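Notes to accompany the following structure.
The values are calculated or read from the model by the stated rules, or taken from the named source; none is laboratory data. Given the structure is predicted, the values throughout are model-derived calculations rather than measurements. Counting neighbours? That spans all protein chains shown, and the Cβs are built from the backbone with ideal geometry, glycine included. The protein model used for the area step is the full one, side chains on, heavy atoms only, and it has no ligands, DNA or RNA in it. Shrake-Rupley method; radii C 1.70, N 1.55, O 1.52, S 1.80 Å.
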Amino acid sequence: MFLLVLGALLLLFCSLDVWYFLRGAQVFIQAWFQPRVRDILAEQSIDGMVLPHDLDYLGHMNNSRYLRECDFARFHHYMRNGLFMASRKLGAKLVVGASTIRYRRSLAFREAFEIRTKVLGWDEKAFYLEQRFVSKKDSFVSAIMLCRQNVVHCSPETIIEYICKKKIERPEFPEDLKHWMNFIAASSQALRAESGLEEKNK
């Protein structure tokens, strides 16, 4: 019986990223019991630490782990400010349409950090967020990410009005975000032209 259970667990861990789902459940429970954040634009933070399975061959946090941690931080953020539940009730889906990350200093093994997440603004199709990895030993911003969170089957305005019960004026986009949005638009246009979509739409 013991060998059967052990074999089943081994098969499960080989077939699925079990730690990902366990971490997601932990973030969900943590956010569920924390106070609600009423301000959609308020910055929120979630704590983390570099563990053995986060490391690369150089003993630093693997580049891909930053993106994974950002996923959990955004989920935590949406749970507390109401975006997650509101989008579900409205039949909307939140999917990442683009992201870019800049690494400034590596995070070492057992180094504690926090991820500070905030909504910078929105347009007709997406929310735009900034996420910062801040080392707890000296408050240095080790990495910073911009994320475009596309809203499918709904609009950001509708979700915000559902949460706040009133229309909220869009904040002015920061200059660096404007440059990034222009890059996304230019890249999209170039790819559409490359695939012949521009000609088909004429």
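Details
- Here the simple spin-label model places points 7 Å from the Cα toward Cβ, and for L55 and T158 these points are separated by 4.9 nm.
- A straight line joining the Cα centroids of segment 113-147 and segment 22-53 runs 14 Å.
- Residue among S135, S187, S99 with the largest mean-square fluctuation in a Gaussian network model of the chain, springs linking Cα atoms under 10 Å: S187
- Note on S188 and K137: the model spin-label points, each 7 Å out from Cα along the C-beta direction, lie 4.1 nm apart.
- Stokes-Einstein translational diffusion, segment 46-182 - Kirkwood Rh over all Cα pairs, 0.890 mPa s, 25 °C, in µm²/s: 154 µm²/s
- Protein accessible area in the chain, 1.4 Å probe - carbon and sulfur %: 58 percent
- Taking the helices alone, the chain has a mean residue ellipticity at 222 nm of -13500 deg cm²/dmol, built from -39,500 (n - 2.57) per DSSP H run of at least 4 residues and averaged over all its residues.
- Pairs of alpha carbons in segment 1-125 whose separation is greater than 27 Å (percent): 32 percent
- Candidates per trypsin sites (Lys or Arg not before Pro) in segment 41-148, loop by DSSP, up to 15 other Cβ within 10 Å: R104, R105, R110, K125, K136, K137
- For segment 46-182, the solvent-accessible area with a 1.4 angstrom probe is 51 square angstrom per residue.
- Range in the chain, longest, excluding exposed chymotrypsin sites (Phe, Trp or Tyr not before Pro) [loop by DSSP; at most 15 other beta-carbon atoms within 10 Å]: 141-202
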